[in-house]
Structure formats: C-alpha cells, structure tokens
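The values are calculated or read from the model by the stated rules, or taken from the named source; none is laboratory data. Computed from a predicted structure; not experimentally measured. Cβ atoms come from the backbone with ideal geometry, glycine included; neighbour counts cover every protein chain shown. Heads up: the accessible areas ignore ligands, DNA and RNA and are worked out on the full protein's heavy atoms, side chains in. Shrake-Rupley method; radii C 1.70, N 1.55, O 1.52, S 1.80 Å.
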Amino acid sequence: MTTDLQAVRREQWRLWGGLAAAATAWALLYSFNRPFWDWLLFDSLGLDPETHLGSAIEFFFYDTTKIALLLVGIIFAVTVLRSFMSVERTRALLGGRREGVGNVAAAGLGVVTPFCSCSAVPGFIGFVAAGVPLGITMSFLIASPMVNEVAIVLLYGLFGWKVAATYVAAGLVLAIVAGWVIGRLRLERHVEPFVFETTLRGQPVDLSTELSWEDRFAMGREEVASILRKIWPYLVVGIGIGAAIHGWVPEDFFVDVAGPDNPLAVPVAVGVGVPLYSNAAGVLPLVEALHAKGLAMGTVLAFMMSVVALSVPEIVLLRRVLKPKLLAVFVGVVAAGILAVGVLFNLIL
Amino acid sequence: MEIKVLGPGCVNCTTLEKRTNDALAVTGVAATVEKVTDFAEIASYGVMSTPALVIDDQVVVSGRVPKSDEIQALLTRS
C-alpha cells in the first residue's frame with residue numbers, strides 16, 4: 001500500500017511542480033520579450049528604431065510574442081477555472097428566476113460559463129425548453145461572446161486595467177439591458193416552434209464534477225493548443241496590419257477623421273465591425289495601433305465589440321431557432337447597445 | 001452497443017467521432033456509431049454543450065473532447 005501512496009504522491013509532485021515550472025518559464029519569457037527583440041533587431045541586426053520599417057518590424061515581433069504569451073497563460077488559467085462550471089449548472093441556477101434579477105444573473109454567468117459559438121443553438125434550446133424565460137436566455141447569449149476573457153486580458157495588457165474594467169462593465173450592462181428589452185417585447189412567438197416542443201429526457205447531464213486536477217490541466221493544455229491553432233492566422237494578419245499602421249501612418253492621423261468630436265465615427269466603426277468575422281485576439285493588435293494614431297477609445301471599443309459579439313456565421317446559426325423578426329431585433333438591439341457604449345465612452349473617457 | 005456522437009458538425013465533433021472510431025478499433029468492441037446533428041434531438045438528450053458522446057442512450061461525455069484512452073475505458077467498463 002505504501003508504494004501506491006508514494007506513487008500517488010509522486011504524481012502530485014509532478015503535476016504541481018510542472019505547473020510551477022511552466023509559470024516561472026512564462027514569467028521569464030514575458031519579462032525578457034522587449035529587451036530580447038531590441039537587442040536582436042536594433043543592436044545585432046542594426047535596424048533603426050526611428051525608421052518606418054524598423055518600428056513596424058519591432059512592433060510585429062514584440063507584439064506577436066507578447067500576445068501569444070498572454071493568450072497561452074490566460075486560456076490555460078481560464079479553462080482550468082471554467083472546468084468547475086458548466087452550462088448545465090448555469091441553467092439550473094437560472095431556472096425559475098424572474099426578469100431583472102434573472103437578466104443580471106444570466107449576464108454574469110454568461111461570462112464564467114464555458115461556451116462556444118457552436119453550442120449557441122443547443123444551449124438556446126436547452127435553456128428555453130427548460131423554462132428559462134426568453135429575455136434571460138438572451139442576456140446569457142449576448143454576454144457570453146461579448147465579455148470575452150481573451151479580450152479582457154489583452155485590453156488589460158495593452159491599455160491598462162481601467163479600459164479592461166470599462167469593457168467588462170459595458171458588456172455586462174449591454175447584455176442585461178438588451179435581454180431585458182427583448183423579454184419585455186414578448187417575442188416568444190417568434191421563436192421557432194420546435195424549440196418549445198423539445199422534450200428533455202431525464203436529468204440534464206452534468207459531468208463537470210467528476211474531473212481530477214490532472215484532467216483539468218489536460219483540458220487547459222488542449223484548449224490552448226486548439227485556440228492557438230484556430231486563431232493564429234487572424235493574429236498574424238491583425239498584428240501585420242497593426243504593424244504597418246504603427247510604422248507608416250502618421251501620428252494623430254485619425255484625429256481629424258475619427259476623433260472624439262466626430263459623431264459619425266462610432267456608427268461607421270460598428271457598421272464595419274458587424275460583418276467582419278474575427279476574434280478578440282485578431283482585432284486587438286489592430287485596435288491598439290488605431291488607438292495610438294488618434295482613434296478615440298469609445299470608437300475603438302465599439303469596433304471591437306461589434307466584431308466579437310455579432311458575426312454572420314453566428315446569425316446564420318441562430319436563424320435555426322429564431323424567426324427573422326426576432327433575429328432582427330436581436331441584432332438591432334445589440335448593435336444599438338454597442339453604438340451607445342461607444343458614444344458614451346467617447347464622451348467620458 | 002449503440003454509440004451516438006452529438007454535435008452540429010464543428011471541428012470538435014468530427015474529432016470526437018474520429019477518436020471514438022479509433023477507440024472502437026483498439027478495443028475491438030462491436031458497436032454502431034451514429035452522428036446526430038439535429039439540434040432538437042441533441043437538446044432532447046439534455047445536452048447543451050457540444051460535442052457529446054452517448055453510449056446506449058446514456059450521455060457519458062459532454063462539452064469536451066476526451067482522449068482516446070478515456071473513450072476506450074468508457075467502452076469497456078460495462
């Protein structure tokens with residue numbers, strides 16, 4: 001028996017020791033990122049940081065490394081934490097809630113529940129068929145992609161905690177209000193009827209409690225690999241465009257065209273952002289470069305939110321459960337909300 | 001044995017189907033594998049996060065893609 005116990009203990013050491021080693025390596029890489037590229041590009045290869053090309057290349061390599069490191073760290077941590085939550089548990093928490101309080105709870109849970117856009121439709125059916133009111137379900141569906149953990153950490157890394165906190169607060173308020181409005185409009189008859197006819201067999205499944213720490217770490221590693229595999233083209237293109245803007249577009253270029261005083265800047269940003277399909281990681285390098293050249297913070301945030309929260313593929317998927325009118329209301333309410341957030345931030349930030 | 005892979009057809013769902021077939025080949029368990037892509041039917045299993053694996057009408061995994069050896073264990077436990 002003692003050997004069994006020793007084996008278990010060794011296993012534990014390997015698990016937590018490995019985690020500590022990985023965290024240390026991560027911190028070292030992160031802190032040597034800037035000095036390393038400065039040394040390689042400027043001191044060794046002789047590029048001039050004052051030239052367009054030099055500053056663009058430095059931006060590209062430094063930002064790619066920084067964002068890749070941030071993503072690896074964040075996705076791993078968030079996946080491990082989220083393995084304690086599940087959509088099933090969230091639904092149980094939301095069942096029988098009244099509007100108002102329910103919308104607030106749904107928006108909050110939307111942020112912490114693991115949820116991918118390919119689950120949006122089964123999730124929607126599961127919620128509505130189990131009796132969660134439509135407006136509360138909508139609050140969940142809006143908050144989930146809108147307040148995106150990757151976006152939060154990248155905003156924190158690139159602009160500081162105030163902007164990150166503002167973004168979270170804006171996303172939550174938007175999800176709560178939009179869900180509440182949709183609930184008030186009594187649009188239940190614009191949900192495809194089969195959703196209400198779906199009967200749920202037996203108990204909802206919740207398998208999230210049976211996992212060991214080893215399983216959770218493995219899930220974290222797999223999630224990091226699968227997300228990076230999925231988003232790296234967006235990331236490279238986004239950082240590439242960002243680098244070009246950083247190097248060649250003159251300072252304050254956007255101040256006249258899209259500064260805080262231009263009332264059209266935010267609507268144009270949202271109009272461009274909605275049909276664009278990317279993710280927070282691809283959009284943020286672009287956003288950072290645009291902001292550095294004088295685009296106002298509210299405009300930039302509105303652009304990012306519209307890219308992340310509304311996309312054509314998601315709308316096509318949701319059409320399976322929402323009739324056109326309700327779908328239009330959903331898109332309209334969310335777009336209007338993003339617009340309001342952008343305009344408001346340009347006034348106060 | 002009757003196995004169903006629930007999922008609308010995203011990358012994770014095809015991965016799960018492939019791993020399930022691999023696990024069947026390794027363990028030599030005889031089973032039919034059916035892909036369920038209809039949303040109403042997926043939801044009727046009480047599954048809200050895809051992909052999910054159903055063995056003999058019992059949901060055993062949902063919301064993640066288990067490793068092949070975990071699927072092998074699930075196939076041989078009964």
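Does A:A143 satisfy the criteria of being assigned to a helix (DSSP H, G or I) and open to solvent by 40 Å² or more (accessible area, probe 1.4 Å)?
Here the answer is no, as A:A143 does not meet what is asked.
Specify which of the listed residues (B:A40, B:A52) is within 8 Å of chain A (Cβ to nearest Cβ), at pLDDT 85 or above and under 26 Å from A:V195 (Cα atoms).
When all the criteria are applied, what remains is B:A52.
Of all residues assigned to region B:62-75, none qualifies as being facing another protein chain (nearest Cβ under 10 Å), open to solvent by less than 20 Å² (accessible area, probe 1.4 Å) and touching a Gly at 6+ places or on another chain (Cβ under 6 Å). Might you check whether a residue that is without any contact (Cβ under 8 Å) to a residue 24 or more places away in the chain and under 21 Å from B:L75 (Cβ atoms) occurs anywhere in region B:28-47? The answer is yes, given that some residue of region B:28-47 is without any contact (Cβ under 8 Å) to a residue 24 or more places away in the chain and under 21 Å from B:L75 (Cβ atoms). Taking A:A165 as the residue in question, decide whether it is part of a helix (DSSP H, G or I) and without any contact (Cβ under 8 Å) to a residue 12 or more places away in the chain. For A:A165, the condition - part of a helix (DSSP H, G or I) and without any contact (Cβ under 8 Å) to a residue 12 or more places away in the chain - is met.
Among the helices (runs of 4 or more DSSP H) confined to region A:38-137, the ones with at least 2 residues that are acidic (D, E), more than 10 Å from every other protein chain (Cβ to nearest Cβ) and open to solvent by less than 40 Å² (accessible area, probe 1.4 Å) are located at A:52-82. Please tell me if A:S306 is within 17 Å of A:M146 (Cα to Cα), at pLDDT below 85, buried (at least 16 other Cβ atoms within 10 Å of the Cβ) and out of contact with any Pro (no Cβ under 8 Å at 6 or more places or on another chain). In short, no.
Report the residue count in region A:314-334 for those that are in a helix (DSSP H, G or I) and more than 19 Å from A:F140 (Cβ to Cβ).
Selection size over region A:314-334: 4.
In this structure, B:T15 qualifies as among the hydroxyl-bearing types (S, T, Y), within 12 Å of chain A (Cβ to nearest Cβ) and over 22 Å from A:R320 (Cα atoms). With respect to the stated conditions, A:A175 is over 19 Å from B:G7 (Cβ atoms) and either modelled with pLDDT of 80 or more or surrounded by 15 or more Cβ atoms within 10 Å (Cβ to Cβ) (or both).
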